[in-house]
Amino acid sequence: MIRSLLICLVVMLIQPIDIFADEQTPSDDEAQSSITDRRSPITENGDTIVITAEEIGAMQAHKMADVLNHVPGVTAGDSSVGIHGVYKVKVFVDGRPINDPTSSYGAIKWDLILPDQVERIEILRGKGSSRYGQDASGGVILITTKRTRDLTGNVKTYAGNHGTGYGHANLQMTTGSWTAGVTGGFEATDGYKVNNDKERWKAGASAIYTIDDGKNFSFSADYIEDERGSSGQPDYPTPFSRKETENTSLSFRATWRPVASTTYYNEGRNHNTDPSRSIDKTLRVSKWGEDLSATFSTGDWGELNAGGAFQMDRASGSNFDDQQEETYSLFAVETLHRMDGRLSLTAGLRANINSAFDDALNPEIKLSYKWKKWRATVAYSRSSNTPSFYQRYNETSSTRPNPSLTMETSDNYSLSLFGQLYRTLSGSVSIFHNRLTDRITYVTGDDGIGQYQNFGLVTYTGGDFAATWTPHDTIKVKTTYTYMEAVDEETDHWLTSKARHTVNLDFYWQPIQPVSIVLTNKYVSKVYRNTSNTKTAPEYTLTGLRAEYAFQRFSLFTDIENLFDKTYYYADGLLAPPLCWVVGVNWRI
């Protein structure tokens with residue numbers, strides 16, 4: 001059936017359609033965000049959220065996780081991001097994927113991008129699989145970096161408690177049609193518990209050749225090396241467990257409007273050792289892919305974005321035979337506009353042929369209506385998530401492999417409302433219901449060793465609320481609240497590591513021009529640690545403080561996390577950090 005559908009899509013793509021010659025109409029989400037950005041640096045367009053460089057600067061964020069944790073329904077860590085409890089999220093920087101191919105859940109290589117480099121972030125909550133492919137049941141995050149016309153860059157360094165040290169530098173220069181950049185950095189910490197140290201290095205380079213606004217070529221190369229200890233859970237410590245990782249990312253992107261092509265190669269290597277348990281395991285995974293798309297005008301119907309993609313995955317390891325898997329895809333997304341643009345309908349379909357798993361169809365449909373400063377959106381999408389090589393074959397001191405894992409399917413429903421109530425007050429409300437069949441989840445046994453397993457049917461149901469209030473030119477208050485019920489429908493038990501309530505309350509204050517202060521507060525309710533719901537990680541409330549003093553090209557800053565030094569645990573039962581502080585300087589070239 002899916003192969004027949006692929007043929008139909010090909011026929012549709014070759015029908016006579018007028019191609020944009022000099023101008024490309026933005027998508028519905030892009031068009032709306034370009035309008036609302038004039039009112040507020042952060043906007044919510046139904047199920048899509050846009051964050052601009054202005055808002056990121058106000059946050060004083062030093063890591064991408066600090067930026068994303070301000071977004072309702074989004075939870076981010078040093079190498080992860082989840083949307084409405086689902087951690088299968090695809091992240092792209094200037095069109096290239098930055099998910100780690102060796103991770104269990106599509107971890108993100110956040111070290112490849114810093115908040116200072118970002119021009120715009122677009123967050124598609126619970127959608128995007130019809131355009132961006134499988135493994136996006138949580139959603140898609142699109143990051144666009146800044147472009148310069150001269151010599152720019154910065155050098156940032158900071159130090160803190162627990163033996164923390166950090167240094168990073170980047171330089172970008174434009175001359176004529178060429179733009180080139182280099183970046184490098186180092187981070188180390190002794191950690192806050194036994195066998196919790198970390199050391200990380202990274203380096204990267206990029207080049208862009210621009211013919212005109214619609215024609216350019218770009219190349220980027222990045223390398224990350226990481227070595228760290230794995231302390232294990234408090235009841236089952238692993239004081240001798242070590243992990244070494246290496247990641248290489250290459251990308252070539254060509255844009256010749258209306259056609260865009262992205263060719264990428266990502267390779268990762270994990271080496272896990274624990275002499276006390278006779279563990280010495282290696283996992284190497286590589287992903288090579290091509291994504292080709294074009295945007296066409298369909299006259300009065302609107303615009304059509306269509307194309308195809310190919311990806312080859314390879315894996316080798318010390319405890320399994322070499323593996324190779326391929327995925328072939330065709331997709332088409334049509335956007336219709338009516339009532340002078342107030343009403344829009346987006347419908348898309350992606351057909352995936354998988355060599356190692358069942359073939360899959362990923363439909364998506366969204367209806368939006370905007371009136372003055374209000375916007376309402378109702379959406380549905382289906383995404384297919386394939387189990388990673390890590391989930392199937394990796395073995396550590398605390399994880400057993402499970403080669404028999406199968407693909408999971410997610411059906412996502414959402415209803416969203418955004419409004420600018422007054423000049424100083426804006427807010428949004430959304431409700432969601434996600435149904436995951438054969439969901440892949442990590443289950444910890446009574447011996448403290450876990451394994452990834454498929455469950456029959458699980459559901460995520462809840463809602464988000466967000467509000468921004470600016471009572472004075474120097475003060476801004478932002479709050480978000482997420483309520484979520486995460487249930488295994490076969491046992492009626494709550495899913496592990498999923499909180500019912502999450503609240504954020506942030507205060508921004510700029511008493512004088514060079515000084516800015518951000519006070520963050522977060523509450524997370526208790527979570528269950530096992531499938532029988534007999535073990536819990538208790539609720540916690542955290543407060544953080546960031547301050548910056550900027551003068552000319554320099555800025556001095558401090559960042560304090562867990563300000564009141566509370567003891568708390570992550571959702572998986574691991575002991576979380578105590579009070580952590582850093583002080584540093586940033587020099588803008």
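Throughout, read-outs are computed from the coordinates displayed, never taken from laboratory work. This one's a predicted model, so the numbers in the text were calculated from it and none came from an experiment. Cβ: placed from backbone, ideal geometry, glycine included. Neighbour counts: every protein chain shown.
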Positive-end residue of GLY95, PHE465, PRO387, charge dipole of the stretch 44-588 with Cβ unit charges: PHE465
Pairs from LYS90/LYS287; LYS193/LYS566; LYS127/LYS366; LYS156/LYS243; LYS88/LYS498 whose Cα-Cα separation, in the structure shown, is over 18 Å: LYS156/LYS243
Counted charge near SER555, where neighbours are those whose Cβ lies closer than 10 Å (Asp, Glu -1; Lys, Arg +1): +2
Ascending count of other beta-carbon atoms within 10 Å, so fewest first, for LEU421, LEU405, LEU171: LEU421, LEU171, LEU405
Burial ordering of SER297, SER414, fewest other beta-carbon atoms within 10 Å first: SER297, SER414
Alpha-carbon centroids, the stretch 314-374 and the stretch 399-473: separation in whole Å: 18 Å
Residues LYS566, LYS90, sorted so that the one with the fewest Cβ neighbours within 10 Å comes first: LYS566, LYS90
Placed amide H near LYS526: partners under 5 Å, 5+ positions off or other chain: GLU539
Label-point separation in nm, ASP300 to ILE512, each point 7 Å along Cα→Cβ: 6.4 nm
Partners for LYS215 among lysines (Cα-Cα distance below 18 Å; same-chain residues under 8 apart left out): LYS146
